[in-house]
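Notes to accompany the following structure.
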Amino acid sequence: MKSDRVDRTVRALADPHRRALLDALRESDGRAVGSLEPALPELGRHAVLKHLRVLEAAELVTTRKVGRTRLVLLNPTPIVELATRWLDEYSAFAGLSLSRLRDHLESPASPQGETMSDRRTIVASVVIEATPDRVWKAITDPEQSARWFFGGHVDSEWTVGSPIEWSSAEGASLIVGKITAIEEGRRLAHTFRATWSPDTAADPESAYEWVIEPRGEALTRLTLIHSGIPAGTPTAEQVAEGHALVISALKTFVETGRTLPGMG
């Protein structure tokens, strides 16, 4: 099954038009289909929709309905799986860190005082070879969460309105929030404030949602939706690549019992 997913990813990425659409989403994620047409000015709307369907089938993008508009969002998880096909987990994660450092050093500095007031949504999705109940337990059990969520022990009373917090093994706060919706084994939504550093702790809160969907016998689709992230903030910068790592680490732990380097 993993080989089939990798094959779909490679075929989808082979076309330069589809790569152009992904580049456009990388610049501004969560865009309506119509706003992506200028990325391929030589093609018509029908061709753009066709390429988007291929990308969605390969799970490189996901779509969400907001009002009457269907938004297209990047899903980085297949790219992570593609990298770990040829690289061990440590090399893949180290390479990502070095790539982010290079991008930071090579990017032009922002003018002093310039801010961005818009908010971002990041979506990551993956299919896990396990039952929905098994995935739910891995998310909500403190001992298990510490194995895949940056060593974070999760704590909550698991009712709407109750606090939720991830803390390090040393007791330092990593993430705090309040549960806004919960359906055991199916959905967990909560507010999100990154407390792992003074810079991120000062940022406005955003929204985090785990959606668990059964996909046949002993298969589960897990979708992670992080919305309302204030763009241009320390939180936005630091979580930008983290969602694919989190969801890949959870998949690896649930399926194999292993902890990815740097995640436990």
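The values are calculated or read from the model by the stated rules, or taken from the named source; none is laboratory data. Since the structure is predicted, the reported quantities are computational estimates derived from the model, not experimental observations. So basically every Cβ, Gly included, is an ideal-geometry build from the backbone, and we count neighbours across all protein chains shown.
Quick notes on this structure:
- Annotation note: of 192, 150, the sole residue that is on the phi < 0 side of the Ramachandran plot and under 18 Å from the mean Cα position of the chain (by Cα) is 192.
- Condition broken by residue 46, with the remaining ones in (1) more than 22 Å from the chain's Cα centre (by Cα); (2) surrounded by 13 or more Cβ atoms within 10 Å (Cβ to Cβ) satisfied: (2)
- Within the stretch 105-117, not a single residue is of a type in the set (Gly, Ala, Ser), at pLDDT 85 or above and assigned to a loop (DSSP other than H, G, I, E, B).
- Residue match in the stretch 45-52 (condition: modelled with pLDDT of 70 or more and assigned to a loop (DSSP other than H, G, I, E, B)): no
Yes or no, residue by residue, for (1) farther than 16 Å from residue 193 by Cα; (2) out of contact with any helix residue (DSSP H, G or I) (no Cβ under 7 Å at 6 or more places or on another chain); (3) in contact (Cβ under 8 Å) with a residue 12 or more places away in the chain:
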position: 128; (1), (2), (3): yes, no, yes
position: 136; (1), (2), (3): yes, yes, yes
position: 140; (1), (2), (3): yes, yes, yes
position: 144; (1), (2), (3): yes, no, yes
position: 149; (1), (2), (3): no, no, yes
position: 154; (1), (2), (3): no, no, yes
position: 160; (1), (2), (3): yes, yes, yes
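- Only residues that are over 25 Å from residue 242 (Cα atoms) and at pLDDT below 85 were counted across the stretch 53-76, and they come to 3.
- Candidates 247, 212 - the one that is crowded, with 17+ Cβ neighbours inside 10 Å, assigned by TED's automatic domain parsing to the domain that holds residue 135 and either part of a strand (DSSP E or B) or touching a Phe, Trp or Tyr at 6+ places or on another chain (Cβ under 9 Å) (or both): 212
- Each residue in the stretch 191-221 was checked for being out of contact with any Pro (no Cβ under 9 Å at 6 or more places or on another chain), aliphatic (A, V, I, L, M) and within 26 Å of residue 131 (Cβ to Cβ), and 3 of them qualify.
- Within the stretch 134-158, the residues that satisfy the criterion of being in a loop (DSSP other than H, G, I, E, B) and surrounded by fewer than 17 Cβ atoms within 10 Å (Cβ to Cβ) are 141, 157, 158.
- Filtering 260, 224, 188, 245 for residues that are under 27 Å from residue 130 (Cβ atoms), at pLDDT 90 or above and of a type outside the set (Phe, Trp, Tyr) leaves a single hit, 188.
- Among the conditions (1) more than 22 Å from the chain's Cα centre (by Cα); (2) touching a residue at least 24 places away in the same chain (Cβ under 8 Å), residue 40 misses just one, which is (2).
- The residue of the stretch 159-195 that is nearest to residue 226 (Cα to Cα), among those that are loosely packed, with under 13 Cβ neighbours inside 10 Å and of a type in the set (A, V, I, L, M), is 181.
- Count of the stretch 179-204 residues which are more than 20 Å from residue 150 (Cα to Cα) and without any contact (Cβ under 8 Å) to a residue 40 or more places away in the chain: 9
- Close pairs from the stretch 223-235: first closer than 26 Å to residue 59 by Cβ, partner of a type in the set (S, T, N, Q) and assigned to a strand (DSSP E or B), Cβ under 6 Å, at least 6 apart: 223/125; 227/121; 228/206; 229/206
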